[in-house]
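**Q** Pasting a structure here, questions to come.
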Amino acid sequence: MSLVPPNRAWMKAPQASTEYLDGVISFLTFAQKKPGNDGWYCCPCVACRNVNGKKTLHEVSDHLIRLGIDETYTTWTFHGEPLPTSGIKKGIPSTSSSATPRMVDLVNDAHIDPESLDDCMD
Ligand SMILES: [Zn+2]
């Protein structure tokens, strides 16, 4: 996957590997830097997939190490990373003048309940 930045390679590494554990730490460190961080985080593990309510950093860490991270969550939009500004070709109609199609796309792609998404994005 050439679209995945090199620093996300750990997400596909074995969970018990040093590479994966280092990656979890780098992710948690990144999440803590999110502006407006209130100590509660969406959990990107394979079970929660960011929509299972907010967790403490300790709980997120526990999930990522025990359950594994959702490998498709390569842009950490729930944790302060801006949405990509290029590279997305979803066939958005050129007639769309709205400023929000990307988020709608994201929701549709992930089959996320918009209600819980709001909870995570505030
Ligand atoms: Zn989780």
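**Q** Within the set of other residues whose C-beta is less than 13 Å from the C-beta of residue 28, count the net charge using Lys and Arg as +1 and Asp and Glu as -1. Don't jump to the answer; show the numbers that get you there.
**A** Numbers: positive: 33, 34, 55; negative: 22, 59, 62.
Net charge in that neighbourhood comes out at 0.
**Q** Report the full-extension gain for the segment residue 22 to residue 85: residue separation times 0.36 nm, less the Cα-Cα distance, to one decimal in nm. Intermediate results must be reported in sequence, preceding the final value.
**A** Values: separation 63, 0.36 × 63 = 22.68 nm, distance 2.76 nm.
Value of the extension gain: 19.9 nm.
None of the figures in this text is laboratory data; all of them are computed from the coordinates on show. Quick caveat: nothing in here was measured; it's all calculated off a predicted structure. Methodologically, a virtual Cβ is constructed for each residue, glycine included, from the backbone with ideal geometry; neighbour enumeration extends over all protein chains shown.
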